[in-house]
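In what follows, a structure is listed as C-alpha cells, so that the remarks can point back to it.
The values are calculated or read from the model by the stated rules, or taken from the named source; none is laboratory data. Here the structure is a predicted model, which is why all the values come from computation and not from measurement. Every residue, glycine as well, gets a Cβ built from its backbone with ideal geometry; the counts of neighbours run over all protein chains shown. Please note that ligands, DNA and RNA were not included when accessible areas were found on the heavy atoms of the full protein model with its side chains. Shrake-Rupley method; radii C 1.70, N 1.55, O 1.52, S 1.80 Å.
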Amino acid sequence: MSPENWTHVTGFVLLGFPRSHILQFLLFLALMAAYAVTATGNLLIIGLSWTNRHLHTQMYFFLRHLSFLELLLVSVVVPKMLVVILTGDHSISFATCIIQSYFYFLLGTTDFFLLAVMSLDRYLAICRPLHYETLMNGRVCSQLVLASWLAGFLWVLCPTILVANLPFCGPNGIDHFFCDSWPLLRLSCGDTRLLELVAFVLSTSVLLGSLALTSVSYACILATVFRAPTPAERKKAFSTCASHLTVVIIVYGSSIFLYIRMSEAQSTLLHKGASVLSCIITPLLNPFIFSLRNNKVKQALRDALMWHRTMAARTMRVTSKRKYWIKRLKMYAICKNVFEVQISPTTPCTFLN
C-alpha cells in the first residue's frame, strides 16, 4: 500500500484475553488478588525499610526503591487488564497504548540497572567490607538510584518516539494483554526493520550488560564466601545476597526468553506466559522472597505489629478511663440537679444505686 493511501489508526484492540466468560471471571479474581497482595507486600517493604531504624542501611535503601519500582510496574499493566475484563471493552487508544508501552519498558529497564547496582552493593559489602561504608555512602547510593532511573528513561525514549511515528493503517488487533512492542511493530504499515534492529540491540545490550555486571559480582562473592574459614561464616555471608540472587534469576530468565530468543515460530502462549512472569508474578514474589528469607525484615515486621498492639491497648485504656469519668460527671450532674446536694465529682453517688 502506498503512503498516500494509509489511514491513521486511532486505537487498538487487545486480543490476548480468554473468550470464555468463566475463564475471564477466574482471571479477574486472580489478577485482583495478585494486585492486592503485590501492592500490600511492596508497600509493607517500603514502610518497614523507611520507618525501622535497623533497616536504614544501603541494602534496604536499594530494596525500598526496588519495591517501589515493582509496584509501579505491576500498576502499569494490571489495572488496565482488570478494566478490560470488567467492562468488556478491549479497546485502547493510540496515545494510551504508546504511554503504557513506554512506562513498561522504562520501569523494566530501570529494574535491570537497579538489580545490577544491588549486586555491586553486595559485592562491596562482602568482598570489600573495610571500604564499604566509604565507597557506598548515602550520597553514592542516591546517585546510583538516580542514574538507574535516568538511564532507563533515556534508553527507551528514542525507540518509543520512533514507534509513535510509525504509520498504522490496520488491522489494529494486538494479540496480547498489554501494548508490548513486538506485537505492536507487526501492525505497522511502514518499514520497521531498522526500528526492530535498534530495539533488539538496545534490549540485548541492557540485558546482557547488566547481567554481565551481576554475574561478575556474584562470581567474586561466591569466591569470597567459599574462602570463609567456617561454615557459619559462609552461610551468613551468602544469606545476605540469596534473596537478591533469586530475584535476579527470575527477572533475567523471563526477560531473556522474551526479548533475546524472538522468532516467528515461538509459541504465543509461552510468550504471554513469560510476560505474566515478568510483569505480574515477579513483583508478587519479591516481598515474600525478601521478607521470608531475611531475619531483619521479619524482626521489623514483628516490632511493627507489637507497636500497633501496644498502641491499641493504650488507646483502650485511655478510652476506658474517659468513659469512667464521663459516667462520674453524669452522676454528679444528676445528684446536684435532682437531689440538690453539694458533692464533688469524685464523691460516689451511692444513693442512686
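Restricting the first member to segment 122-148 and to residues that are surrounded by 12 or more Cβ atoms within 10 Å (Cβ to Cβ), and the second to residues that are not in a helix (DSSP H, G or I), the beta-carbon pairs closer than 6 Å and six or more apart or on different chains are Leu124/Met136.
Among the numbered conditions (1) out of contact with any Pro (no Cβ under 7 Å at 6 or more places or on another chain); (2) of a type in the set (A, V, I, L, M); (3) open to solvent by 20 Å² or more (accessible area, probe 1.4 Å), the only one that Leu185 does not meet is (3).
Taken over segment 221-241, the criterion of being surrounded by 12 or more Cβ atoms within 10 Å (Cβ to Cβ) and among the polar types (S, T, N, Q) is satisfied by Thr224, Ser239, Thr240.
Once segment 255-273 is narrowed to residues that are out of contact with any Gly (no Cβ under 9 Å at 6 or more places or on another chain) and at pLDDT 70 or above, the residue that is surrounded by the most Cβ atoms within 10 Å (Cβ to Cβ) is His271.
Pairing each residue of segment 70-91 that is among the charged types (D, E, K, R) with any residue that is open to solvent by 40 Å² or more (accessible area, probe 1.4 Å), provided the two are 6+ apart or on different chains, yields C-beta distances under 8 Å for Asp89/Val83. Only residues that are open to solvent by 20 Å² or more (accessible area, probe 1.4 Å) and either in contact with a Leu (Cβ under 7 Å, 6 or more places away or on another chain) or β-branched (Val, Ile, Thr) (or both) were counted across segment 86-97, and they come to 3.
For first residues located in segment 157-176 and hydroxyl-bearing (Ser, Thr, Tyr), partners that are surrounded by 15 or more Cβ atoms within 10 Å (Cβ to Cβ) and in a helix (DSSP H, G or I) and lie 6+ apart or on another chain with Cβ distances below 6 Å form the pairs Thr160/Tyr102. All of (1) open to solvent by 20 Å² or more (accessible area, probe 1.4 Å); (2) farther than 20 Å from Gln143 by Cβ; (3) among the hydrophobic types (A, V, I, L, M, F, W, C); (4) in contact (Cβ under 8 Å) with a residue 40 or more places away in the chain hold for Met59 with one exception: (2).
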